[in-house]
Amino acid sequence: MAPLSVYRGAELQQVLKLLQDHQGKVCIIAGGTDIILKLREKKLEPEVLLDISGINELKGISEYSKQLADTGLDGLKRITEQTMIKIGAGVTFSEIAKSPFFSQNLKGLADAALSVGSPQIRNAATIGGNICNASPAADIIPVLLALEAEAIVRSREKEETMSLQGFILDKGSVKLLPNQLLCSIAFSSLKENQSLGFAKLGLRKALAISRIAVAAFVEVGDNAFKNVRLASGACGKIPKREYEVEACLEGKAINDGSIEAAAELFKQVLKERLRGRSGAEYKGEAVKGVFKEALRKALGYQNI
Amino acid sequence: MKEISLRVNGEERSAEIHEEMRLLDLLRDALHLTGTKEGCGEGECGACTVIMEGKTVNSCMVMAFQAEGKEIITIEGMATKDKLHPIQRAFLEKGAVQCGFCIPGMVLSAKVLLDENPIPTRDEIREGISGNLCRCTGYNKIVDAIETAAGYLNTGGDSNA
Ligand code: FES
Ligand code: FES
């Protein structure tokens with residue numbers, strides 16, 4: 001095997017060029033919290049290790065405005081402006097947990113970031129790394145799925161935007177060509193009647209490798225669930241949307257009855273999915289509590 | 001091999017590193033700063049904690065080459081020539097040290113915690129050291145020591161009481 005060479009990327013263009021020129025031989029490292037173990041266990045044996053933790057273009061959380069074209073019922077095209085929130089792939093969990101963007105309605109995102117690892121891990125681990133490793137227990141992914149986030153990917157030639165759901169292919173694999181880099185994650189900012197909650201069942205707070213996590217996006221109107229998006233972590237091979245449970249809540253009045261019925265359905269869905277695997281019974285029961293807590297938190301973040 | 005330079009405990013240092021080295025190996029083997037300990041080597045125990053650019057990290061989870069140009073503080077950088085840092089003094093006074101293996105990391109986590117939050121609650125202290133495992137003390141005396149240290153630092157850090 002060729003000896004390992006190591007580079008510290010200083011600029012995005014330079015990194016994209018290295019990826020282009022050494023396709024398939026480069027392993028990207030940012031926070032290092034997953035990659036270093038894999039290197040030491042020889043699960044990864046790249047020729048080039050490329051550090052992107054110093055690249056400014058991958059840092060920072062910001063807002064921008066995106067124009068959406070849609071056709072109304074009258075058949076006329078309209079352009080609406082949508083405010084988007086963008087998180088650079090190199091943003092750490094500590095930075096997410098402390099960001100003023102993720103207070104109030106979006107506090108679920110800070111809660112999810114804070115539930116990861118220990119302070120030391122959160123100071124190093126990045127959102128981009130967490131996504132690209134696509135572990136079943138990647139805690140940040142369920143909240144991003146519930147927000148219908150998109151992944152912004154670049155190669156030397158072009159930038160591409162795709163849904164995060166489409167980006168995550170399978171356990172440990174994402175839709176990234178050898179010459180591409182995940183640069184940021186973006187999602188629509190929330191309106192006043194929308195909010196995000198997150199809850200997780202872990203072994204202990206610091207270092208809990210996620211057992212079960214649920215993220216709940218809710219839009220409320222007339223004391224009912226107008227729109228609900230749920231996603232789970234560690235409830236299958238990869239974090240996923242829970243459409244069946246969403247459908248069971250949509251349009252329902254917000255009360256214990258509707259929430260309990262959805263929790264019961266969640267349990268059945270999960271038991272079915274995990275049938276024959278160890279812990280199916282336990283996880284089915286546990287998900288009810290985690291789901292209800294996520295939903296309660298989401299409602300709480302808009303004082304309902 | 002590769003030559004890198006960085007600032008360690010306020011001094012400009014340079015070292016020859018192997019590409020596979022971690023920051024932990026650089027500190028211990030190349031710079032002989034053996035106060036930083038290796039426990040698990042997997043990012044779980046915090047024995048290898050150092051402060052990099054003002055934030056705690058596990059030095060077993062950082063590659064040495066990534067530390068190029070960075071500002072690092074290790075436990076050796078806490079005391080001055082003839083005086084312990086108030087956090088170290090509080091650890092001794094409160095009997096918070098048993099075997100001592102976790103203590104360098106604990107002290108550095110405590111430093112960053114107190115830099116950011118000078119009057120933490122006991123819960124905040126526990127959260128602040130939640131990435132540092134101790135197999136000996138049961139943590140209570142460590143939390144006591146950090147509370148005491150907060151008092152020393154808030155009164156100028158020099159009280160010898
Ligand atoms: S030795 Fe680094 S965290 Fe245990
Ligand atoms: S004093 Fe022994 S590990 Fe903490």
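The values are calculated or read from the model by the stated rules, or taken from the named source; none is laboratory data. Since we're looking at a predicted model, the values are computed, not measured. We place every Cβ from the backbone using ideal geometry, glycine too, and count neighbours over all the protein chains shown. For accessibility, only protein heavy atoms count, side chains too; no ligands or nucleic acids. Shrake-Rupley method; radii C 1.70, N 1.55, O 1.52, S 1.80 Å.
What about residue B:40, is it under 30 Å from residue A:116 (Cα atoms), within 12 Å of chain A (Cβ to nearest Cβ) and buried (at least 16 other Cβ atoms within 10 Å of the Cβ)? In short, no. Every listed requirement among (1) modelled with pLDDT of 95 or more; (2) not in a helix (DSSP H, G or I) is met by residue B:27 save one, (2). Among the candidates B:47, B:110, B:90, the residue that is more than 14 Å from ligand 2 (Cβ to nearest atom), touching a helix residue (DSSP H, G or I) at 6+ places or on another chain (Cβ under 9 Å) and of a type in the set (Gly, Ala, Ser) is uniquely B:90.
Each row is one residue, and each column tells you yes or no for (1) in a helix (DSSP H, G or I); (2) more than 14 Å from chain B (Cβ to nearest Cβ); (3) buried (at least 19 other Cβ atoms within 10 Å of the Cβ); (4) over 12 Å from the mean Cα position of the chain (by Cα).
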residue: A:70; (1), (2), (3), (4): no, yes, no, yes
residue: A:90; (1), (2), (3), (4): no, no, yes, yes
residue: A:94; (1), (2), (3), (4): yes, no, yes, yes
residue: A:106; (1), (2), (3), (4): yes, yes, yes, yes
residue: A:109; (1), (2), (3), (4): yes, yes, yes, no
residue: A:151; (1), (2), (3), (4): no, yes, yes, no
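Of note, residue B:158 satisfies the criterion of being open to solvent by 60 Å² or more (accessible area, probe 1.4 Å) and at pLDDT below 95.
Residues that are under 18 Å from residue B:18 (Cβ atoms) and within 12 Å of chain B (Cβ to nearest Cβ) do not occur anywhere in the stretch A:9-23.
In the stretch A:1-45, the qualifying residues are those that are under 24 Å from residue B:59 (Cβ atoms) and part of a helix (DSSP H, G or I), and the one that is least open to solvent (accessible area, probe 1.4 Å) is A:36. For the structure I just gave you, tell me whether residue A:233 is over 23 Å from residue A:148 (Cβ atoms) and touching a residue at least 60 places away in the same chain (Cβ under 8 Å). No; evaluated as a whole, the condition is false for this residue. From the residues in the stretch B:50-60 that are more than 7 Å from chain A (Cβ to nearest Cβ) and assigned to a strand (DSSP E or B), which one is surrounded by the fewest Cβ atoms within 10 Å (Cβ to Cβ)? If we take residues in the stretch B:50-60 being more than 7 Å from chain A (Cβ to nearest Cβ) and assigned to a strand (DSSP E or B), then B:52 is surrounded by the fewest Cβ atoms within 10 Å (Cβ to Cβ).
So which of B:67, B:47 is surrounded by 22 or more Cβ atoms within 10 Å (Cβ to Cβ), aliphatic (A, V, I, L, M) and farther than 20 Å from residue B:128 by Cα?
Every option except B:67 fails the conditions.
Could you check, for the stretch B:67-74, whether at least one of its residues is modelled with pLDDT of 95 or more, assigned by TED's automatic domain parsing to the domain that holds residue B:34, assigned to a helix (DSSP H, G or I) and away from ligand 2 (no atom under 12 Å from the Cβ)? Yes, the stretch B:67-74 contains a residue that is modelled with pLDDT of 95 or more, assigned by TED's automatic domain parsing to the domain that holds residue B:34, assigned to a helix (DSSP H, G or I) and away from ligand 2 (no atom under 12 Å from the Cβ). Selection within the stretch B:12-40: residues that are within 16 Å of ligand 2 (Cβ to nearest atom) and without any contact (Cβ under 8 Å) to a residue 24 or more places away in the chain. The member of this set that is nearest to the chain's Cα centre (by Cα) is B:38. Here residue B:37 meets the list (1) in contact with a Leu (Cβ under 6 Å, 6 or more places away or on another chain); (2) within 13 Å of ligand 1 (Cβ to nearest atom); (3) part of a loop (DSSP other than H, G, I, E, B) almost entirely, failing just condition (1). Among the residues of this structure, residue B:3 does not count as one that is within 17 Å of the chain's Cα centre (by Cα), closer than 24 Å to residue A:30 by Cβ and open to solvent by 50 Å² or more (accessible area, probe 1.4 Å).
Which number in (1) open to solvent by less than 80 Å² (accessible area, probe 1.4 Å); (2) more than 21 Å from residue A:116 (Cβ to Cβ); (3) in contact with a Lys or Arg (Cβ under 7 Å, 6 or more places away or on another chain) marks the one condition that residue B:110 misses? For residue B:110, the exception is condition (3).
Give me the pairs, please: first residue somewhere in the stretch B:61-79 and more than 10 Å from every other protein chain (Cβ to nearest Cβ), second residue anywhere and acidic (Asp, Glu), beta-carbon distance under 6 Å, and either six or more positions apart or on two chains. Listed by first residue and then by second, the contacts come to B:71/B:53. Applying the criterion of being over 22 Å from residue A:34 (Cα atoms) and open to solvent by less than 50 Å² (accessible area, probe 1.4 Å) to the residues of the stretch B:10-37, the residue that is farthest from the other protein chains (Cβ to nearest Cβ) is B:10.
To keep it simple, each residue is scored yes or no on (1) closer than 24 Å to residue A:4 by Cα; (2) among the aliphatic types (A, V, I, L, M).
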site	(1), (2)
B:23	yes, yes
B:42	yes, no
B:49	no, no
B:87	no, yes
B:100	no, no
B:119	no, yes
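Within the stretch B:134-152, being among the hydroxyl-bearing types (Ser, Thr, Tyr) and within 13 Å of ligand 2 (Cβ to nearest atom) holds for B:137, B:139.
Filtering B:123, B:115 for residues that are closer than 24 Å to residue B:27 by Cα, away from ligand 1 (no atom under 16 Å from the Cβ) and either open to solvent by 20 Å² or more (accessible area, probe 1.4 Å) or out of contact with any helix residue (DSSP H, G or I) (no Cβ under 9 Å at 6 or more places or on another chain) (or both) leaves a single hit, B:115. Would you be able to say whether some residue in the stretch B:84-98 is within 16 Å of ligand 1 (Cβ to nearest atom) and open to solvent by 30 Å² or more (accessible area, probe 1.4 Å)? No - not one qualifying residue is present in the stretch B:84-98.
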